[in-house]
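What follows is a set of notes on a single structure, which appears directly below.
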Amino acid sequence: MTDIDYTQFKIVGVVEAQPNTKHAIINAVGYLGSDWKFTPLSPTEAKQVFPSRGRVFAPGFQDRYKELIGKCIFAGMMPSNNDGADKFIWDRENGMPDEYGTVIINGLANEIDENPDKTYKNLKTNGRLDNTSPTYLCILSKLYLIDPDNIKKYYITEMDLHFVKNANHESFVTYDHTHYVLIGNHLDGPTRAIDIMPDSILRDWLIKEFLVKEWSQALNSKSLDEIENGLIGLISKSILHKPVLKSRINRLSSMLELFVFSYEEMTNFLTLPTLKRTIDKSIEINSEKFIEKTKSKYAKELENLKETNRLLIEKEHTNAADVISKIHRKIEEANAEFNANNEELNKKTKLAEEIIALQLTKIEEYKTAIEELENTLHSIEDNKEHIINDFAVIKDVMQIIVSQKTKQAILPHPTFQKTNNNAPTDFGETIESLNDESEEIKLPQTFKTRLEFYLTKNNRKTEIAKKIGQYMVHYKAILVPDNRIIHSIIKATGRCKYSIQYVTPEWRSFSNVWNNGLNTMIHSCISNPDIIHYYILENINMSYLPCYLQPIVDISMGLRINFPNTEIIFPDNLRLLLTSTAEEGLPLAQQSIRYFGCLQNDDYTIDEKKENLYSNEKSDKTGYLKADMLKNMRSISPIPSNEYLSYIQSDYE
């Protein structure tokens, strides 16, 4: 049967909770027809009737019937509308689910022991004896019935699991050959009773039922064998299975040989008239002999104890002498060390006094030098206009040098004005677009792999890929040694917008940056929030950095939020990529670039012979870097070391 009328049938199976959800699954062991007759299914048959995994999905089951989790139930079902692996789902409107059958518990391998006392303690600890109804326990190849009525007599029954499965194939069912269910309340097959009476309870029975009640018989017995025979006769009167009787008889025989009464038990015996007379008479007759024997025993023990104590005292005296000798030696060593340290301290004190006197002399010299510097500063202030004119001459010289090195036309720039409506102004700046990829990257590792690929194509070492990614996460502006690294970043991004600008000595304020593409780039960022934008500045040391890029520094260090004269904040999808010229240029200001992400200023070229070659590979369709991934990575990505000092040092070499 591979197709059923779900309106006429109900699934029978074990409910299994789905972790971290409100849902469950019902593992099928059979089904009920319209006549409520149970039809068992093997695991293979279950997969045919309830494709494709032999189970029914139960959405929201844990919210409604949490008490049925782990139970075998029957429930209504209906076809699933989803394209999942399960053809049917639970129909919560088709009657209430209810228990049907008993789930066999899988026990622990060492839960049933050859020692009855240990078995009882294991079952008690694992909560097996607290049930008010019969419980079945499956351990390895055995099946155990724990019946409350049998527990009162301290025994359980055992059956062979293989025999049970063969003899009860319609009522003893499984959904995976590991978990079993009993339909009904009867199993065919031979059973064996197992004794689980604890030693303490068996001992109490021996005292109350035999030693107290059968005392006269025990007194008249001539040997331990006669007492054991009387004990066997008494316990055999109990209606118990033979294995249980045999177990308890063997244990009682061992107890008789090692039996010792507690003080409370002896006191209770003295309340019985017959026992009291016997015990009193025994004490009267044997007391002197017992005392003499005891005295002799303890006298010998006392002598042994005295000798032991004497040896211990001698040993401690010897140890004490050694300890005292060591203490004296340490005192002498400490005194010698103190004297040496005191002498050394006096020398250092004298030296310190000499150094202090020398420093006081130098302080006076420094005061004189400071006064001279202050006079020099006043002179510089008075001649400020002459100094500015001198720097203008230097600027003109620098401009001549740059004009010989670049063919980039310098267009006139509009003035930087406050914009109240935040609307972009078109100054003709060009924004390039890269659209190599159409699907976004799912994992940050994919971007790292892409960046390593394009670094290789640009003849650059891949070891810097990880740190570049971390700079992009944590910094708004990133300074790298050369343009090939910038090209690798753009290609690895896969889909982005970028603008390239060239700094000249004429850049004297932030308006030069704003009016040369940054304004247009920012408004493109706002219009395209999912796309990363790169504003690229080359030759940043051709003008003094604090003059034209200070607002970016202030935003990076958190000193300000908005761009000057606007209400615009720095977009999350914008990164500034910076390079400096290695030839003539102004020194980079340390107080500025320390707030940028600065990659170590080294030569990352792989092969000098291939420096003029570049292979423009086609897209590998591994996806583009979406802007929000940079923001999401900020809380989990480590902050990389900032190597800004490498650019300061190189400027002064």
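Maximal additional length on extending the ASP176-THR44 stretch stands at 46.6 nm, based on 0.36 nm per residue less the C-alpha distance.
Taking a ≥ b ≥ c as the square roots of the eigenvalues of the alpha-carbon gyration tensor, the range 432-647 is classed oblate because a/c is 1.5 or more while a/b is no larger than b/c. Using only the Cα atoms of the range 37-181, build the gyration tensor, take square roots of its eigenvalues as a ≥ b ≥ c, and label the shape rounded, prolate or oblate: rounded if a/c is under 1.5, else prolate if a/b is larger than b/c, else oblate. It is prolate, given that a/c is not under 1.5 and a/b is the larger ratio. Taking the Cα centre of the range 10-96 as reference, the dipole from Cβ charges on Lys and Arg (+1) and Asp and Glu (-1) amounts to some 120 debye. Put the Cα centre of the range 479-548 next to the Cα centre of the range 138-207 and the gap is 80 Å. The stretch between GLU288 and ASN110, if pulled fully straight at 0.36 nm per residue, gains 58.8 nm over its current Cα-Cα span. Proximity of backbone amide H atoms, modeled 1.01 Å from N, is registered between TYR31 and VAL12, THR39 at under 5 Å, excluding neighbours fewer than 5 places apart on the same chain. Given 0.36 nm per residue, what is the gain on full extension from ASN339 to HIS317 after removing their alpha carbon distance, in nm? The ASN339-HIS317 span can extend by a further 4.6 nm. 3J(HN,Hα) couplings calculated from phi for the range 474-490 with the Karplus curve 6.51 cos²θ - 1.76 cosθ + 1.60 (θ = phi - 60°) are, in sequence order, 9, 10, 7, 10, 10, 9, 10, x, 8, 6, 5, 5, 4, 4, 5, 4, 4 Hz; Gly and Pro show x. What do you get for GluC sites (Glu not before Pro) in the range 84-165 restricted to DSSP loop and a cutoff of at most 14 other Cβ within 10 Å of the site's Cβ? Hits after loop and neighbour filter: GLU93, GLU114.
In this structure the amide hydrogen of ALA75, modeled in the peptide plane, comes within under 5 Å of the amide hydrogens of ILE11, none closer than 5 places in sequence on its chain. With Cα atoms defining each centre, the range 42-63 and the range 343-360 are spaced 90 Å apart in the structure. Model label points for SER254 and LYS631, set 7 angstrom from Cα along the Cα-to-Cβ axis, are 7.4 nm apart. Placing a pseudo-label 7 Å from each Cα along the Cα-to-Cβ vector at ILE327 and ASP530 gives an inter-label distance of 8.4 nm. Karplus-derived 3J(HN,Hα) values for the range 526-538, using 6.51 cos²θ - 1.76 cosθ + 1.60 with θ = phi - 60°, are 5, 6, 10, x, 8, 9, 6, 10, 10, 9, 9, 10, 9 Hz; glycine and proline are entered as x.
Within the range 472-553, the trypsin sites (Lys or Arg not before Pro) that combine a DSSP coil assignment with at most 15 other C-beta atoms in a 10 angstrom radius are ARG508. When you count the other C-beta atoms within 10 angstrom of each residue and take the mean per peptide, 49-56, 443-450 line up highest first as 49-56, 443-450.
Which chymotrypsin sites (Phe, Trp or Tyr not before Pro) from the range 1-54 combine a DSSP loop assignment with at most 16 other Cβ atoms within 10 Å?
The qualifying sites are TRP36.
Scanning residues 5 or more positions from LEU577 or on other chains, those with amide H under 5 Å from its amide H are ILE478, TYR535, ILE536, LEU537, with H placed 1.01 Å from N in the peptide plane.
From the Cα gyration tensor of the range 273-375, with a ≥ b ≥ c the square roots of its eigenvalues, which class applies: rounded if a/c is under 1.5, or else prolate if a/b is larger than b/c, or else oblate? Taking the square roots of the gyration eigenvalues as a ≥ b ≥ c, the range 273-375 is oblate. Which pairs break 20 Å Cα to Cα here: LYS442/LYS631; LYS66/LYS121; LYS306/LYS326; LYS467/LYS621; LYS497/LYS621; LYS466/LYS491? Checking Cα-Cα distances, LYS66/LYS121; LYS306/LYS326; LYS467/LYS621 exceed 20 Å.
Values quoted throughout were computed directly from the atomic coordinates according to the rules given, and no laboratory measurement underlies them. All values reported here derive from a predicted model rather than from experimental measurement. Glycine also receives a Cβ, built like all others from the backbone with ideal geometry; neighbour counts cover every protein chain displayed.
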